[in-house]
1. May I ask for the longest run of the chain untouched by GluC sites (Glu not before Pro) that are loop-located per DSSP and have at most 10 neighbouring C-beta atoms (other than their own) within 10 Å?
2. With the cut-off at 1.5 for a/c, could you classify the range 194-273 from its C-alpha gyration tensor as rounded, prolate or oblate?
3. Let me make sure I get this right: for the range 36-148, a, b and c are the square roots of the gyration tensor eigenvalues over alpha carbons, sorted descending. Under 1.5 in a/c it's rounded, otherwise prolate if a/b > b/c, else oblate. Which is it?
4. In sequence order, what are the phi-derived ³J(HN,Hα) couplings for the range 18-28 according to the Karplus relation 6.51 cos²θ - 1.76 cosθ + 1.60 with θ = phi - 60°, rounded to whole Hz, with x for glycine and proline?
5. Can you give the charge dipole size of the range 197-252 about its Cα centre, rounded to the nearest 20 debye, using +1 on the beta carbon of Lys and Arg and -1 on the beta carbon of Asp and Glu?
6. Run the simple label-point estimate for E117 and A131 please: 7 Å along Cα→C-beta, distance reported in nm.
7. With only Lys, Arg, Asp and Glu charged, each at its Cβ (+1 for the first two, -1 for the last two), find how big the charge dipole of the chain is about the Cα centre; round to the nearest 20 debye.
8. Sorted from fewest to most neighbouring beta carbons within 10 Å, what does the list V147, V248, V12 look like?
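What follows is calculated from the coordinates using simple rules that are stated; it is not laboratory data. In this text the structure is predicted, and so the values were computed from the model without any measurement. Don't worry about glycine lacking a Cβ; one is built from the backbone with ideal geometry, like all the others, and counts go over all protein chains shown.
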Amino acid sequence: MSKPIGVIDSGVGGLTVARELIRQLPKERMIYLGDTLRCPYGPRPKEEVRTFTWQMVNYLLDKDIKLLVIACNTATAFTLDELQDTLDIPVIGVIEPGARAAIKVSRNKRIGVIGTEGTVSSQAYPNTLKAIDQQIKVNDLSCPAFVPMVEDGMFDGTEAEEIVAHTLRPLKEKNHIDTLILGCTHYPLIRDLIQQEMGEHIQVICSGEETAREASFILAYNDQLYNGSTPPKHEFYSTGDLEKFEKVANGWFNEPVSFLKQIELSLNSSRTS
Ligand code: DGL
């Protein structure tokens, strides 16, 4: 059997990237790990996010993954370079793919970015966008209310609409952006609410599609795509409440998740940085 692709996130957000991976790479087996117990990562200091991310990575390395997808912007902002330098498998994050996708569609080069406090304060998006095109103007905003909402499965209704409207007000007031990057993988789960609030004229970008394209390209380039005929059995692991995780996952994938297990993460691994 072929080696799996490993996908990590602080919780259910990475499922938005996982769905794209499954769609674009239907033969590949995926192992997903969400650290739901300690979600959100967004308000945590960099060092803590780094430690938690390494714990997830070590868990997946023990499962002999062939590619690691950091399906979490906060973890990407704080650990991508280090993981790419240290691991002997390819590692991809979600920030550069999201930035590239936004630059492709923006006409006025004014791009909005919403994300967690950690991602926004890291300035990873403005730096990445400007490294690609120096003329890009970035308006960023952290939206701390969104991740807890999504983890609780609150995707619609008046309360959710009000939270989204209130949170996005400063970005709407600044105006002029024509493209908005959902710089947190949890946000595509409330994409409709965000789009509705920002207006149809704004192009809303989720990084999942571009990230999956990059995964596909890397596996093909390394001649590591699975060519057999065994249908993949994906595995999902969560450190927290399985019932909540399952509900969000089943809704997002439109079919029941067949393997879901609760695990504990620890630093006890030879590979921990
Ligand atoms: N989904 C993650 C991200 O893309 C993390 C959200 C959080 O845990 O705060 O940043």
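1. Working: sites that count: E200, E264.
It works out to 1-199.
2. oblate
3. Values: a/c = 2.38, a/b = 1.47, b/c = 1.62.
Oblate.
4. 4, 4, 5, 4, 5, 5, 7, 10, x, 8, 7
5. Details: 4 positive and 10 negative charges, 43 e Å.
With only Lys, Arg, Asp and Glu charged at Cβ, the dipole is about 200 debye.
6. In this crude spin-label approximation the distance works out to 2.6 nm.
7. Details: 28 positive and 37 negative charges, 130 e Å.
With Lys and Arg at +1 and Asp and Glu at -1, about 620 debye.
8. Values: V147 26, V248 23, V12 30.
If I rank by nearby Cβ atoms, fewest first, I get V248, V147, V12.
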